[in-house]
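Bear in mind that the values in this text are calculations on the coordinates, not laboratory data. For clarity, every value in this text was computed on a predicted model and none was experimentally measured. So basically every Cβ, Gly included, is an ideal-geometry build from the backbone, and we count neighbours across all protein chains shown.
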């Protein structure tokens, strides 16, 4: 979720700020998923890693001020 959902406390009101680095956390609850679920997730992560050079970034072009702004935000690819 990171910066896309949570605003930085030191951000200027109305400004969009981003950290230098965004990390992804993969949490797996116990006794919920089967081995086939985990294999599928692992294959997806591997595919994203292998195609990382061709993936484009996204930027926010419009957003709301509600706590659920990540559901109503409009994004565009970074050129």
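Miscellaneous remarks
- Take the Cβ atoms of residue 77 and residue 40, set R0 to 25 Å, and the FRET efficiency comes out at 0.40.
- Per-residue Cβ neighbour counts within 10 Å put 25, 39 in the sequence 25, 39, beginning with the fewest.
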